[in-house]
1. So, for the chain, what is the accessible surface per residue at a probe of 1.4 Å, expressed in square angstrom?
2. Which loop trypsin sites (Lys or Arg not before Pro) in region 60-128, with loop taken from DSSP, have no more than 15 other Cβ atoms within 10 angstrom of their Cβ?
3. At q = 0.08, 0.13, 0.14 Å⁻¹, what log₁₀ I(q)/I(0) does a Debye calculation on the Cα points of the chain give, no solvent, two decimals?
4. Please compute the length gained on full extension between Glu179 and Val39, using 0.36 nm multiplied by the number of residues separating them and subtracting their Cα-Cα distance.
5. Could you sort the peptides 68-75, 21-28, 189-196 by per-residue average Cβ neighbour count (10 Å cutoff), highest mean leading?
6. When the dipole is taken about the Cα centre of the chain, and only Lys, Arg (+1) and Asp, Glu (-1) are charged at their Cβ, what size is it in debye, to the nearest 20?
Amino acid sequence: MAARRTSPKDRPQPARADHVGALLLTPGAGSDRHQPALVAIEQAVAPLPVERIDFPYRIAGRKAPDRPPVLLATIRAAAAELVARAGIAEDQLVLGGRSMGGRMCSMAVADGLPAAALILISYPLHQPGRPEKLRTEHLPALDVPCLFISGTRDPFGSPEELTAATAAIPGPVTHEWIERGRHDLRGSEPTVAAMVAAWLASLA
């Protein structure tokens, strides 16, 4: 079952009908572009152009993720390619993904990559059991609409922790919660995809 909780800033920004032109999706550290949630999202938002990418370490068959500069460079390159292929403006591209992939997308946008919005599924706020090590330094630089979808039992960040952390984001923030969901949100792919599709439609 899914529950919706919103922040006071959960108000879509005014946008043109063509504000969202394409969607770039990135996987979590332990998976690839075929991650079920990413595939489900692509199907749910059709006919919106969608690109699901792999990071270099996955392509090379390695298990350990690349360092952040490599991950960020991969996202920037994929974003430029998708913008060109879809024939859209840079700020019409929505970026996001699961866990590490979503976090890297948010860091890229905070660092200046143009975007229409961010979709952050199972955002890894901190390592399990390490709530003092928050991954929040870049959040105050996010001035685009952000959708966070997480399980209420995610050890990488509780609803209370994530809601408190995202209060630092100046752009509009929407939180969607999968009741009893853990970090992998296994079995909730259709629900996650429906949440993303509905939220993207609200930006138009």
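The values are calculated or read from the model by the stated rules, or taken from the named source; none is laboratory data. Fair warning: this is a prediction, and the values are worked out from it, not measured in the lab. Neighbour counts are summed over all protein chains in view; Cβ atoms, including those assigned to glycine, are modelled from backbone coordinates with ideal geometry. For accessibility, only protein heavy atoms count, side chains too; no ligands or nucleic acids. Shrake-Rupley method; radii C 1.70, N 1.55, O 1.52, S 1.80 Å.
1. 45
2. Arg62, Lys63
3. -0.22, -0.63, -0.74
4. 48.2 nm
5. Peptide ranking by packing, descending: 21-28, 189-196, 68-75.
6. The calculated dipole for the chain is roughly 440 debye.
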